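Engineer: Have a look at the structure that comes next, please.
FYI, it's all coordinate maths here, none of it is from the lab. This structure is a prediction, so every number in the text was calculated from the model and none was measured. Cβ placement follows ideal geometry from the backbone for every residue including glycine, while neighbour counts extend to all protein chains displayed.
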Amino acid sequence: MLTIWGRLNSHNVKKVVWAAVETGQEWVRHDIGGSFGYSPEYLAMNPNRLVPTLVEDDFSLWESNAILRYLADAHAPHLWPQGLRARALADKWMDWQFAFADAQRDGFLQMVRVAEADRDTARIERSIAETNKLMLIMEETLAKQPFLTGEAFGIADIPMGAYAYTWFKLDFAQADVPNIRRWFESVSARPGFQYVAIPLT
Ligand SMILES: N[C@@H](CCC(=O)N[C@@H](CS)C(=O)NCC(=O)O)C(=O)O
């Protein structure tokens, strides 16, 4: 049984829940973090005061993309593309997602969590420009292949799948990315995506 700790309105928790569904293992999630606060027991597992944390048997792990890699290795090796270099490309997209998250953070926080009258439009505009620029990089890859690491859905599609959901949901003029839209239609049909596709809060 996989136990996932973290509030579901966190992108990093969504990724882990989606990956857990992909493994076919039984899993349970407990709210913690954000408005739920933290217990001393949780902080003993994850002293970063961040979510998510995964627990399986007597093993606990934090850092969302490390958790994704562990879940694929332990329970769903088919999610990895075959070969050292293909696997390195999966790692590349998973690490790159954190750059995208940094770019999207201000836009997301301002547009979702700050009252309209109090929003910092300069921060929003900067964030929109940065995410549009980054999405054009991903668009180039998806113009050549259906998924981020090639012909099949894999572990690398999960992190950016979760962030692309938010990007499409936010109310601004997105860059023209027909291949990302096509990819997104496909990844959002995965059963685990239902845990990503919740109202933004
Ligand atoms: N690099 C970490 C980042 C974790 C992180 O920043 N989590 C955010 C939510 S997405 C968080 O815990 N924020 C504080 C909170 O929810 O209390 C990971 O990928 O797990």
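Engineer: Determine the relative contact order of the chain: mean sequence separation of Cα pairs under 8 Å and six or more apart, normalised by residue count, in whole percent. Intermediate results must be reported in sequence, preceding the final value.
Structural biologist: Details: 261 pairs, mean separation 49.7, N = 201.
Computed value for the chain: 25 percent relative contact order.
Engineer: Kindly write out, for segment 79-92 in residue order, the coupling ³J(HN,Hα) from the Karplus curve 6.51 cos²θ - 1.76 cosθ + 1.60 (θ = phi - 60°), rounded to whole Hz, with x marking Gly and Pro.
Structural biologist: 6, 8, x, 7, x, 4, 6, 5, 5, 4, 5, 4, 4, 4
Engineer: At most 10 other Cβ atoms within 10 Å and a DSSP loop assignment: could you name the GluC sites (Glu not before Pro) in segment 106-201 that fit? Each step should come with its number before you reach the end.
Structural biologist: Values: sites: Glu116, Glu125, Glu130, Glu139, Glu140, Glu151, Glu185; in loops: Glu151.
The qualifying sites are Glu151.
Engineer: Looking only at segment 115-137, which residues have a backbone nitrogen under 12 Å from a spot 7 Å from the Cα of Phe172 in the C-beta direction?
Structural biologist: 120-135
Engineer: Let a ≥ b ≥ c be the square roots of the eigenvalues of the Cα gyration tensor of the chain; is it rounded (a/c under 1.5), or, if not, prolate (a/b larger than b/c) or oblate?
Structural biologist: Numbers: a/c = 1.95, a/b = 1.09, b/c = 1.79.
The shape class here is oblate.
Engineer: Excluding same-chain pairs closer than 8 in sequence, count the lysine pairs in the chain whose Cα atoms lie under 23 Å apart.
Structural biologist: 9
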